[in-house]
Structure formats: C-alpha cells, structure tokens
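First up is the structure itself, then whatever we jot down about it.
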Amino acid sequence: MKVLITGGAGFIGSHFVKRMLDAEDIEHVTVLDALTYAGHRANLGRAFLSPRLTFVHGSICDAGLMHEVMRGHQAVVHFAAESHVDRSLTTAATFVETNVCGTQNLVDAAVRHGVERFVHVSTDEVYGPLLDGVAATEDFPLRPTVPYAASKAAGDLVARSAWHTYGLPVMVTRSSNNYGPCQHPEKIIPLFVTRLLRGEKVTLHGQGQHVRNWLHVEDNCAGVELVLRRGNPGEVYNLGGSTALTTKELTSLLLNICDADWDAVTYIEDRPSNDLRYAMDWSKAHKQLGYQPVRDFGDGLKETASWYRDNPDRWAPLTTSAVPAVPSLQIVPLNTSQEPQHV
C-alpha cells in the first residue's frame, strides 16, 4: 500500500509517518506538509533516510497540487489542519480555508484518483461541552463552540459526504487531547513545561476547572492505524484516553515534574467559549477494532517533560510564535429606526 499523509511534519502526523515506515507491508509513504509555524522537517528525524519516504512541500489548499500528489496512492491519512483554539479566535478565516476548503480539495482529488482508504483525523471538540457523567458516542450531535472546532466539524461533514455521494471509503477518527514529544509549545503541556524549565510563570484560565481527557500521541497513532487497516467506510471512531484531568490537576503534576511550586502559577480571566468539559465514549473502536491505549499517563508525562528538557534547540526558537491577543467583544446596538437592507 502506498500512503499519502497530509500534515506529516506536524506533531501527530510525524509520529504516524514513523509508524507507517516501521510497517513492512507499507510500500511507500508520501508526506505532504505546508511547513507552517507548527510543522517542521526535524519532527521526521531519521525518517528522511528511508528510501520509502517522499516529502512534498505544499498545502492542501492548492487544489492542483492535490491532484498531482494523489496519483498512485491507495490510501490517505489526513492530519493537516490548523489546530490551536486561541489562534482560531483571531484568525478564523484561515481555519476555515485549511480545515474545510483544504479538506474538500483533498477529497476531490481522492475521488478522482480512486483512493481505496481515506482516514480523516478529527477531534473530540466537535461534540462541544458535556455535562458530568455524559460521554459522547459517535452518533452524538456536533455542537462546536469555537472557530477551530467548528472548522473541524465542517471538515468531518465534507469528508463523510464524499462517502455518501461518491462512495469514497472515508473513515473519521476523533481523538481526545494528545500529548508527547515534538508538540509545538503553544499547547498546554509543552507550554507549561517549557516555561517552568525557564523559571517563568504559567497561567491558568478561570479557576482551572476545565476537564480534558489525555491520550499519548503513540496511542492515538495506533488507533488511527487500526482505522486505516480495519475500519468500515462511512464510520466514525472515537479514540479516547483513560485520564481525565482538570487543568488545575494537570498543572499540579507538571509543577511536581519540573520541581516548581504554585508560586509559578497565575490565574487569569477565562478565554471566550472555553468549554468546561470534553468526554468521549470510545467503546466502539475497542469492540470493533481492538483499540486500547497502553501508555501510562504519569510515565508518559514524565517522558514528555524529559524530551523538552533534553531538546531546547527544538522548542526554544518556536516560543517566539506568539498567539495573537484575543480582542475584547464589542456589542453594537441595532438601530431599529432604519429600514432593513436586502443584499
């Protein structure tokens, strides 16, 4: 099987590329990546030495390039996306362009060239916030509350529509929060670790009670591979972890690992639409595909922190990629004295 992996120089994508190259039945892997601020050749490391790897520098927003690159591939695993919630609050159009329009370009090319397996990688955030005791199954309604999640939900629907309309064998995975080596330091675990290692303060939104479920990147990649090989076309598979923590609980663990105390923590005003709790039921993937996370969270967190401690050359230059400030919301009153305008 020849596999095209979009976003293969990003955090999760690069781990998956290495996994595919370790599989003897994978004839060739093509990595397509735009190398934005979050994608780096260094993430692929020694994978570049493999004669079974081809790297293409390009964007899924380039429809013509998608048709060129797609030719000859039997499978596509689609990781490429804008993925940082805070950035989506100020640059939502970029998220729509990449996560929706880019996905449409990829789907069009896959239909045209008769791709046999198409895995669209998504997120638990498309389900929106859930009450305590509730976990979203794959047939839950999509209720995204921020531009990032909305763009991913739209991308999910674009991909799935290709199955219903054109018979493209699309499968969708939705994972909980990933962590592990090589993640961009804009995400909470590497952000906190790198700041604490430099003796800087970290900030908690609100009271730190937002609940997220954590999944090691290698466990997620194992799940994506199961879906690629054994998933049923047209189906969605939740890939969850077994560790649900509030951000305050997570911060406590990171403070301990980095030999810091609560004096390093500052509480700040919560950001807009910061969903209080995400949770997924991943029993479908377990029962149908044998999916089961195996990485212990405590050990994985320590290993992740050690990677950042040992590789400052990899992350220090990236900390200059500041997230734009979120503008304050201004409500403009409606002038009801004016006649409605029709466009």
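Structure above, values below:
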| quantity | calculated |
| --- | --- |
| Theoretical gain in end-to-end length, THR36 to ASN256 [0.36 nm per residue, Cα-Cα removed] | 75.9 nm |
| Charge dipole (debye, nearest 20) of the chain; +1 at Cβ of Lys and Arg, -1 at Cβ of Asp and Glu | 460 debye |
| Calculated P(r) tail over 21 Å for the range 49-120, as whole % of Cα pairs | 31 percent |
| Per-selection Kirkwood Rh - the range 1-52 (Cα, Å, 1 d.p.) | 10.8 Å |
| The range 80-148, Cα convex hull volume normalised per residue, Å³ | 103 Å³ |
| Of LYS152/LYS248; LYS248/LYS302; LYS201/LYS248; LYS2/LYS152, pairs whose Cα-Cα distance is over 21 Å | LYS152/LYS248; LYS2/LYS152 |
| Helix-only [θ]222 nm of the chain, DSSP H runs n ≥ 4, -39500 (n - 2.57) each, per residue, nearest 500 | -10000 deg cm²/dmol |
| Nonlocal amide H pairs with LEU4, under 5 Å, H built at 1.01 Å | THR30, ALA75, VAL76, VAL77 |
| Listed values (1) 64, 55, 39; (2) 61, 35, 35; (3) 73, 43, 34, entry calculated as Cα extents along the principal axes in Å | (1) |
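Each value in this text was obtained by applying a stated rule to the coordinates, not by laboratory testing. Bear in mind that the values here come from a model prediction, so they are computed numbers and not experimental data. For neighbour counting, all protein chains shown are included, and Cβ atoms are generated from backbone atoms with ideal geometry for every residue, glycine included.
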